[in-house]
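Worksheet: one structure, shown below.
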Amino acid sequence: MAQYACLIYQAEEPWAAGGPDVEAARAGFWKFRGDHLDILSAGEGLEPTSTATSLRRDSTGAMTVTDGPFVETKEALGGFYVLEAEDMAAAIELAKEIPAIFGGVEIRPVLVFS
């Protein structure tokens with residue numbers, strides 16, 4: 001079985017506002033986790049991008065530390081799952097169950113170092 005990272009990108013504003021859609025999404029994430037414990041090797045939600053700190057090398061090789069996310073986008077990385085699946089097609093079918101109602105999911109194979 002291969003491992004796939006499912007990166008969950010969503011707009012942060014609806015989460016901050018709360019309400020029934022947020023509660024339904026939250027319940028959906030718990031359901032996804034409960035339904036797939038046997039194939040999940042990791043999964044966490046992340047704090048909002050306002051809590052992020054980014055590191056970037058400048059032209060001299062020195063690290064610059066800045067407050068905020070690495071890239072400003074409409075949708076932010078809000079969490080992830082690492083799951084096991086036969087192939088990308090199977091990972092896609094599983095990821096369709098992730099309730100990313102305010103955005104979408106990026107699926108990437110986990111790199112295997114030999």
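Annotation for the range 61-88 versus the range 1-44: alpha-carbon center distance of 15 Å.
Largest mean-square fluctuation among Ala16, Ala76, Ala25, in a Gaussian network model of the chain whose springs join Cα atoms under 10 Å apart, belongs to Ala16. Ordering Thr51, Ala17, Gln3 by Cα displacement along the dipole of the chain toward the positive end leaves Thr51 in first place; charges were set at the Cβ atoms of Lys, Arg (+1) and Asp, Glu (-1). The Rg/Rh ratio for the chain, using Cα coordinates for both the radius of gyration and the Kirkwood hydrodynamic radius, is 1.03. Of the trypsin sites (Lys or Arg not before Pro) found in the range 45-114, those in coil by DSSP whose Cβ has at most 14 other Cβ atoms within 10 Å are Lys74, Lys96. You can think of it this way: the chain between Arg57 and Phe113 has 17.7 nm of extra reach, that is 0.36 nm per residue less the Cα-Cα gap. The Rg/Rh ratio of the range 4-71, with both radii computed over alpha carbons and Rh defined as the Kirkwood radius, is 1.11.
Just so you know, all these numbers are worked out from the coordinates, no wet-lab data involved. On a predicted model such as this, the values are computed, not experimentally measured, just so you know. Neighbour counts run over all protein chains shown; Cβ positions are idealised from the backbone, glycine included.
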